[in-house]
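Worksheet: one structure, shown below.
The values are calculated or read from the model by the stated rules, or taken from the named source; none is laboratory data. In this text, all values refer to a predicted model and were calculated from it rather than measured experimentally. Here the Cβ positions follow ideal geometry from the backbone for every residue, glycine too, while neighbour counts run over all protein chains shown.
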Amino acid sequence: MGSIYARKRNGITYYVYQEAFRVKVDPLRSGKTKGSGKSTVRTKVTYLGTAENILNAIQEQKESKLKEKKNYVNFFSGSRRSVDTP
């Protein structure tokens, strides 16, 4: 599980998702017990953007879901209805 960090560059604050994990140096040696081989820590960083960009992306996603209609079967009556998704 990773974490979200704020970073500042040239006076602009942006956010990244950072996740750390271990990888075996020798892929042929597996296991978690003592003597199973050396491992090294790797970090995966995913750029999320500025706060404004993140907010705009969330709002666009909500708007698209509100416009989308889904058909579903009412299991009790067997009828089909068209309903706006929240």
Going through region 25-65 in order, the residues found to be assigned to a helix (DSSP H, G or I), among the hydrophobic types (A, V, I, L, M, F, W, C) and surrounded by fewer than 11 Cβ atoms within 10 Å (Cβ to Cβ) are ILE58
By residue number, the members of region 19-36 that are out of contact with any Gly (no Cβ under 8 Å at 6 or more places or on another chain) and closer than 30 Å to TYR5 by Cα are PHE21, ARG22, VAL23, LYS32
Residue hits (region 12-30; of a type outside the set (D, E, K, R) and either within 19 Å of THR46 (Cβ to Cβ) or modelled with pLDDT of 95 or more (or both)) are ILE12, THR13, TYR14, TYR15, VAL16, TYR17, GLN18, ALA20, PHE21, VAL23
Is there a residue being in a loop (DSSP other than H, G, I, E, B) and out of contact with any strand residue (DSSP E or B) (no Cβ under 8 Å at 6 or more places or on another chain) anywhere in region 1-24?
yes
Going through region 1-24 in order, the residues found to be exposed (fewer than 10 other Cβ atoms within 10 Å of the Cβ) and hydroxyl-bearing (Ser, Thr, Tyr) are SER3
